[in-house]
Amino acid sequence: MKYLLMIHSNPITWGHPSFLHTEEGKALPKKAREALAAQLDNLLNELDASGELINAVPLDPPSKTRVVRVREGVRATTDGPYSEAKEQLAGVFLIDVASQERAEEVAATIPEAGFYAVEVRPVSVFD
């Protein structure tokens, strides 16, 4: 079963990769950031070795987001994220696991689960 794990985060909590070299991205002490990065690396290695990882993709910060809407045939494009919030969709994992329980187990080991949330959503197949 394929699941998309959507990682919600605040980039200043432990430093989204795009914020690591800014003051905002250093909200946690360096050792704490390094521990979280190691936790993530270990998880990615484990999922890759087990064959469960299809892809893991970090996203650029919301400041680079463009939102496209079409109303009455007219396209309108605006800057910024869809909603105004400190939390953002920071990245996604696409995994292929045996069960929803396993997908939730994986989601619980993603560092952001300890700060914000990781959404677990089954992937539908087009017929």
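Based on this model, can you work out whether Leu40 counts as modelled with pLDDT of 85 or more and of a type outside the set (D, E, K, R)?
Values: modelled with pLDDT of 85 or more: yes; of a type outside the set (D, E, K, R): yes.
The answer is yes for Leu40.
For region 85-103, enumerate the residues that are in a loop (DSSP other than H, G, I, E, B), at pLDDT below 95 and in contact with a strand residue (DSSP E or B) (Cβ under 8 Å, 6 or more places away or on another chain).
Filtering region 85-103 down to residues in a loop (DSSP other than H, G, I, E, B) leaves 85-87, 97-99.
Still in the running and at pLDDT below 95: 85-87.
Correct list: Glu87 only.
Can you tell which of Phe115, Phe126 is open to solvent by 80 Å² or more (accessible area, probe 1.4 Å), among the aromatic types (Phe, Trp, Tyr) and closer than 18 Å to Asn10 by Cβ?
Working: Phe126 fails: closer than 18 Å to Asn10 by Cβ.
Exactly one of Phe115, Phe126 is open to solvent by 80 Å² or more (accessible area, probe 1.4 Å), among the aromatic types (Phe, Trp, Tyr) and closer than 18 Å to Asn10 by Cβ, namely Phe115.
Between a residue in region 59-71 that is within 20 Å of Asn10 (Cβ to Cβ) and among the polar types (S, T, N, Q) and any residue that is in a strand (DSSP E or B) and open to solvent by less than 90 Å² (accessible area, probe 1.4 Å), which pairs come within a Cβ distance under 9 Å, given they are 6 or more apart or on different chains?
Thr65/Gln88
Specify which of the listed residues (Pro122, Pro62) is farther than 30 Å from Leu28 by Cβ and within 17 Å of the chain's Cα centre (by Cα).
Working: Pro62 fails: farther than 30 Å from Leu28 by Cβ.
Testing whether each residue is farther than 30 Å from Leu28 by Cβ and within 17 Å of the chain's Cα centre (by Cα) leaves just Pro122.
Give the residue that is modelled with the highest pLDDT, with candidates limited to residues of region 1-25 that are open to solvent by less than 50 Å² (accessible area, probe 1.4 Å) and assigned to a loop (DSSP other than H, G, I, E, B).
The extreme case among them is Asn10.
Look through Leu36, Leu44, Leu28 and report the one residue that is within 15 Å of Ile7 (Cα to Cα), outside any strand (DSSP E or B) and in contact with a Phe, Trp or Tyr (Cβ under 7 Å, 6 or more places away or on another chain).
On the way: Leu44 fails: in contact with a Phe, Trp or Tyr (Cβ under 7 Å, 6 or more places away or on another chain); Leu28 fails: within 15 Å of Ile7 (Cα to Cα).
Criteria check complete, one pass: Leu36.
In region 48-62, is there at least one residue being under 19 Å from Pro111 (Cβ atoms), aliphatic (A, V, I, L, M) and in contact with a helix residue (DSSP H, G or I) (Cβ under 7 Å, 6 or more places away or on another chain)?
Yes, region 48-62 contains at least one residue that is under 19 Å from Pro111 (Cβ atoms), aliphatic (A, V, I, L, M) and in contact with a helix residue (DSSP H, G or I) (Cβ under 7 Å, 6 or more places away or on another chain).
The values are calculated or read from the model by the stated rules, or taken from the named source; none is laboratory data. Everything numeric in this text was worked out from a predicted model, so none of it was measured. Methodologically, a virtual Cβ is constructed for each residue, glycine included, from the backbone with ideal geometry; neighbour enumeration extends over all protein chains shown. Heavy atoms of the whole protein, side chains included, go into the accessibility calculation; ligands, DNA and RNA do not. Shrake-Rupley method; radii C 1.70, N 1.55, O 1.52, S 1.80 Å.
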